[in-house]
1. Looking only at segment 126-157, count every residue that is modelled with pLDDT of 70 or more and in contact with a helix residue (DSSP H, G or I) (Cβ under 8 Å, 6 or more places away or on another chain) and tell me the total.
2. Among the numbered conditions (1) modelled with pLDDT of 80 or more; (2) within 26 Å of PHE87 (Cβ to Cβ), tell me where LEU41 comes up short.
3. Would segment 5-14 turn up any residue that is exposed (fewer than 10 other Cβ atoms within 10 Å of the Cβ), at pLDDT below 80 and either within 30 Å of PHE62 (Cβ to Cβ) or more than 21 Å from the chain's Cα centre (by Cα) (or both)?
4. Would you mind stating whether THR49 is in the same structural domain as VAL114 (by TED's automatic domain parsing), in contact with a Leu (Cβ under 7 Å, 6 or more places away or on another chain), modelled with pLDDT of 75 or more and on the phi < 0 side of the Ramachandran plot?
Amino acid sequence: MLKMILMDKFKNWMTESANILFDDSKNDLRSLPKSVRLQILVVLSFIWTTVFSLYIFSYTTFIFGWTGLFLAHIGLIFAVYMTFKQFHRAEEKSSSVFKTKNFDPFKIMVLVFVIVFIFVFSKGIEVLTSPNPYSYSIPYDGSSKSVFEKWLPFSKDK
């Protein structure tokens, strides 16, 4: 019984967290114009992509990994934005594109963008998983000191 209550509370917490992030009427950026909110998300994705890339990639693969990650972040932001926008539009008017035969260029461009996004994301994964022939491998034989020898300068019992 307790497990069910905890799972229900966790589910509610996850739903509320997603609403705070993605619902324009509930997050802290609601007073800003939508273009400024989008700009903030793009800048944050740039920052986090750079931090992650500096930590993960070597110098030779940095630009490819960073580009793939940044484009993946931008694509994810636009995909989430477009998904929520389409759900809100669907609530307003309930008609299928296939019934109305309204194939506008924007919808075709979204489809092309999704295909390109999948290609870029798969290239980023390929860069992450492929061995780099240009990097040098330096064998690591372990530390010359034990854990206790490393800790000794910081302890009171010198």
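The values are calculated or read from the model by the stated rules, or taken from the named source; none is laboratory data. What you see is a predicted model; the values in this text were computed from it and never measured. Using ideal geometry, Cβ is built from the backbone for each residue, glycine included, and neighbour counts are taken over all protein chains shown.
1. Number of matching residues: 1.
2. (1)
3. Keep residues of segment 5-14 that are exposed (fewer than 10 other Cβ atoms within 10 Å of the Cβ), which gives 5.
From the residues that got through so far, the ones that are at pLDDT below 80 too are none.
The answer is no; no qualifying residue exists.
4. Values: in the same structural domain as VAL114 (by TED's automatic domain parsing): yes; in contact with a Leu (Cβ under 7 Å, 6 or more places away or on another chain): yes; modelled with pLDDT of 75 or more: yes; on the phi < 0 side of the Ramachandran plot: yes.
Criteria met by THR49.
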